[in-house]
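Structure first, then comments.
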Amino acid sequence: MTILIPIFGDQLSHGLSSLAGQDKKACVILMAEVDEETEYVPHHKSKMAYILSAMRHHAEDLRVAGWAVDYVKLTDAKNSGSLTGEVARAIERHKITALRVTEAGEWRVKAMLDSWPDCFDIPVTILPDDRFLCTHADFESWAKDRKQLRMEFFYRDMRRKSGLMMNGDAPQGGQWNFDAENRKPAKRDLTMPKPLHFAPNAVTQEVIQMVEARYGDNIGQTEKFSFAVTREDALQQQQHFLAHALPHFGDYQDAMLTDEPFLWHSILSPYINSGLIDPLELCRAVEAQYQAGKVPINAAEGFIRQIIGWREYVRGIYWHAGPEYVESNALDATRSLPAFYWTGNTDMHCLSQAIGQTIAHSYAHHIQRLMITGNFALLAGLDPKQVHKWYLAVYADAYEWVELPNSLGMSQFADGGIVGSKAYAASGNYINKMSDYCSDCKYSVSKTIGDNACPLNALYWNFMAKHQQLFSNNPRNKMVFANWQKKTIDDQQAILKRAEYLLNNLHNI
Ligand SMILES: Cc1cc2nc3c(=O)[nH]c(=O)nc-3n(C[C@H](O)[C@H](O)[C@H](O)COP(=O)(O)OP(=O)(O)OC[C@H]3O[C@@H](n4cnc5c(N)ncnc54)[C@H](O)[C@@H]3O)c2cc1C
Ligand code: SF4
């Protein structure tokens, strides 16, 4: 009996469920680079280079660990271009009698795996992905009979389940959440650690050249490629984060500064999502830093909340909501994505910064994604499916299960409030408070009308006025609508006129 174990680009973990307990001599691992995966959205070139190089390095690690690995490169002459096609070819090559695979990370790939028992005349075993704290069944039983699926309550269950930052049944520090202490704006004179730079080795250089040759027109610059591509190097970045950035992670989690893409963030999401870093192991290391007195509680709790709270929660929502979730468009938003999302060429300094660093590094931190690119898309009524595809394409950590609930749900409110209880809509005032972007902008953040007025101000009022019926019941918006009502009719009309002008000229602002 010879078992074929296909391993995908987001399954680069030595402890993967499909490998566990298997006799290495009876198995062949298949790893394949296929057009189907490199082309389902126009991925950033560094994202592609990262995943393909990490796959090639992982294949080598598995060989060293004693596994037989059959690796198919994108450039192999007989490459069929699809994972199913490569499994079919490998079954022939190795006289395979059974297939064993860890479940898919997204609906698209799940549909493919579900078709395998019909495609191949051999037994197919699909195993749960046990790299998550919350199983699908756990999430369903948590969601059952709840009117609202709020992250905060889910997070508390995950704290209890994992025992992270707990004293028996009570949260350490006496409260579950130190979110209010995660909102300091940063100042330019603070010194912040730079993430480690991993110079591309020969394998990565070959991959970069291949990506440039095949996908040269895709978004992104590979010259600044600096991702780790092995577990060993990813763990170095983890150590670097724990020692140097974690202590201030909590304070400056929401801050933004010109030409500082990374601040005190971990830059670990590509490694966590592709499997090089184990999220629970990482959370335990963060907890240990807190217990050793090396980091404050707002940093440790804040970080752990992102992983066992938000990350696990969005995965639960993704599978709970079903494949049709991607079609949601609760605000009927239909405008096309302006071209500057692909070039960064806009006079709005906040957007040119967030998009510019995305092009350079395939990275932007959470508040840039939510409150800069996401906020603009929300206020401008951009088509949420186009917005989703943009996020899926441009970030090195983007896989649909984690990207979709964040972009379509949290950021665009297109799911009508499943992920968030409110729309994350903000005027220039918020951006001015949390960043230094406005001081270098062609537009004036204090103005709402006039040619040089910050576009976000008029767009914000226009958005709120347009969706007043939907949002006015939310107590958090009471002040907003009271302020809108206080304006004279003439002022309201001038603001709406400015917004209309901007919406008709999105490509030129
Ligand atoms: C519109 C939008 C799209 C996003 N798309 C993705 C995506 O495709 N892939 C992705 O991993 N994250 C996504 N996020 C969440 C978050 O922005 C990134 O996880 C984070 O910026 C990654 O950078 P970091 O590793 O430096 O994170 P840090 O700020 O250091 O946070 C630590 C870790 O927490 C996890 N995390 C934090 N916030 C979230 C969240 N909201 N959902 C899930 N995990 C979270 C990540 O694993 C991250 O590495 C998105 C957020 C928004 C608003
Ligand atoms: S003034 Fe407005 S457009 Fe310019 S950086 Fe500030 S918020 Fe962005």
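The values are calculated or read from the model by the stated rules, or taken from the named source; none is laboratory data. Since we're looking at a predicted model, the values are computed, not measured. Here the Cβ positions follow ideal geometry from the backbone for every residue, glycine too, while neighbour counts run over all protein chains shown. Heads up: the accessible areas ignore ligands, DNA and RNA and are worked out on the full protein's heavy atoms, side chains in. Shrake-Rupley method; radii C 1.70, N 1.55, O 1.52, S 1.80 Å.
Placing +1 at every Lys and Arg Cβ and -1 at every Asp and Glu Cβ, with all other atoms neutral, what dipole size does the stretch 248-291 have around its Cα centre, in debye to the nearest 20?
Values: 1 positive and 7 negative charges, 30 e Å.
Roughly 140 debye for the stretch 248-291.
Report Rg (one decimal) and Dmax (nearest whole number) for the stretch 153-230, counting Cα atoms only, units Å.
21.5, 56
What are the aspartates and glutamates whose alpha-carbon lies under 13 Å from the alpha-carbon of Lys187, with same-chain residues fewer than 8 places away excluded?
Asp251, Asp254, Asp259, Glu260, Asp436
Evaluate the Debye formula for the stretch 290-368 with equal point scatterers sitting on the alpha carbons, no solvent, and hand back log10 of I(q)/I(0) at q = 0.15, 0.19 Å⁻¹, in q order, two decimals.
-0.91, -1.04
Which of the lysines could a cross-linker bridge to Lys161, judged by Cα under 26 Å and excluding same-chain residues fewer than eight apart?
Within the straight-line cut-off, Lys161 pairs with Lys144, Lys147, Lys294.
Taking just the alpha-carbon atoms of the stretch 224-264, what radius of gyration and Dmax come out, in angstrom?
Rg then Dmax for the stretch 224-264, in Å: 11.9, 31.
What net charge do the residues around Leu127 carry, taking every other residue with its C-beta under 11 Å from that of Leu127, with Lys and Arg at +1 and Asp and Glu at -1?
On the way: positive: Arg100; negative: Glu103, Asp129, Asp130.
My count for the surroundings of Leu127 gives -2.
So what's the angle, to the nearest 10 degrees on a 0 to 90 scale, between helix 107-119 and the longest Cα principal axis of the chain?
The angle comes out at about 30 degrees.
Beyond 28 Å, what percent of the Cα pairs of the stretch 75-232 remain?
Details: 7252 of 12403 pairs.
Summing the P(r) of the stretch 75-232 above 28 Å gives 58 percent of all pairs.
Over the stretch 233-317, average the accessible area per residue using a 1.4 Å probe and give it in Å², no decimals.
Values: 2360 Å² over 85 residues.
Dividing the accessible area of the stretch 233-317 by its residue count gives 28 Å².
How far is the Cα center of the stretch 285-315 from the Cα center of the stretch 417-438, in Å?
After rounding, the separation between the Cα centres reads 24 Å.
With respect to the cross-link table entries Lys24/Lys95; Lys433/Lys466; Lys447/Lys487; Lys45/Lys73, which display a Cα-Cα separation exceeding 23 Å?
Over 23 Å Cα-Cα: Lys433/Lys466.
Before I look further, what does the stretch 353-509 give for accessible area per residue, probe 1.4 Å, in whole square angstrom? Don't skip to the answer; put the middle values down first.
Numbers: 6170 Å² over 157 residues.
Dividing the accessible area of the stretch 353-509 by its residue count gives 39 Å².
Computed over the Cα atoms of the stretch 47-102, what is the ratio Rg over Rh, Rh following Kirkwood?
Working: Rg = 12.4 Å, Rh = 12.8 Å.
Rg/Rh for the stretch 47-102 comes to 0.97.
What is the angle, in °, between the Cα long axis of helix 83-94 and the longest principal axis of the Cα atoms in the chain? Nearest 10 is fine, range 0 to 90.
Taking the Cα atoms of the chain, the angle to 83-94 is about 10 degrees.
Dimensions of the stretch 84-138 along principal axes (Cα, Å, largest first)?
38, 19, 15
Among Met210, Gly21, Ala199, flag the residue with its Cα farthest along the positive direction of the charge dipole of the chain, charges on Cβ as +1 for Lys/Arg and -1 for Asp/Glu.
Selected residue: Ala199.
Using only Cα positions of the stretch 274-319, each an equal point scatterer, no hydration layer, compute I(q)/I(0) via Debye at q = 0.16, 0.22 Å⁻¹ and quote the log10 values to two decimals.
Relative scattering, expressed as log10 I(q)/I(0), comes to -0.47, -0.76.
Against the longest principal axis of the chain, how steep is helix 384-394, in degrees 0 to 90 to the nearest 10, with axes from Cα atoms?
60 degrees
What does the convex hull of the Cα atoms of the chain come to per residue, in Å³, rounded to a whole number?
Details: hull volume 78.8 nm³, N = 509.
Hull volume normalised by residue count: 155 Å³.
Over the stretch 1-57, what is the relative contact order in whole percent, taking alpha-carbon pairs under 8 Å and six or more residues apart?
On the way: 33 pairs, mean separation 25.7, N = 57.
Result for the stretch 1-57 is 45 percent.
Using only the Cα atoms of the stretch 359-414, each taken as one equal point scatterer with no solvent, compute I(q) by the Debye sum, divide by I(0), and report log10 of the ratio at q = 0.21, 0.24, 0.26, 0.28 Å⁻¹.
The Cα Debye sum returns log10 ratios of -0.69, -0.91, -1.07, -1.24.
Please express the shape of the stretch 350-474 as an equivalent ellipsoid: the semi-axes are the square roots of 5 times the eigenvalues of the C-alpha gyration tensor, given largest first in whole angstrom. All intermediate terms of the calculation are to be shown ahead of the outcome.
Values: eigenvalues 104, 83, 23 Å².
Those come to 23, 20, 11 Å.
Looking at the P(r) of the stretch 219-367, how many percent of alpha-carbon pairs lie beyond 26 Å? Intermediate results must be reported in sequence, preceding the final value.
On the way: 4263 of 11026 pairs.
Above the 26 Å cut-off, the stretch 219-367 has 39 percent of its Cα pairs.
For the stretch 1-112, take N as its residue count and report Rg(C-alpha) divided by 2.2 N^0.38 Å.
1.02
If we sort 365-375, 156-166, 72-82 on the protection proxy, mean other Cβ atoms within 10 Å, highest first, what's the order?
Numbers: 365-375: 23.3, 156-166: 17.3, 72-82: 13.8.
Those peptides, ordered most packed to least, come out 365-375, 156-166, 72-82.
Based on Cβ point charges of +1 for Lys and Arg and -1 for Asp and Glu, what charge dipole magnitude is obtained for the chain about its Cα centre, in debye rounded to the nearest 20? Please report the intermediate quantities before stating the final value.
Details: 51 positive and 59 negative charges, 250 e Å.
Using only the charged Cβ atoms, the result is roughly 1200 debye.
Give the aspartates and glutamates reachable from Lys25 as a straight Cα distance under 16 Å; neighbours fewer than 8 places away on the same chain don't count.
Lys25 reaches Asp70.
Do you know the relative contact order of the chain, to the nearest whole percent, from alpha carbon pairs under 8 angstrom that are 6+ apart?
Working: 785 pairs, mean separation 80.7, N = 509.
It rounds to 16 percent for the chain.
So if I take the centroid of the Cα atoms in the stretch 56-118 and the same for the stretch 188-264, what is the distance between those two points in Å?
Taking the Cα centre of the stretch 188-264 as reference, the centre of the stretch 56-118 is 29 Å away.
Kindly work out what percent of the DSSP beta bridges joining two residues of the chain are antiparallel, to the nearest 5.
Details: 3 of 20 bridges.
Counting only bridges with both partners in the chain, antiparallel ones make up about 15 percent.
Quick check: at a probe of 1.4 Å, how many percent of the accessible area of the chain sits on carbon and sulfur atoms?
Values: 10710 of 21310 Å².
Carbon and sulfur atoms account for 50 percent of the accessible area of the chain.
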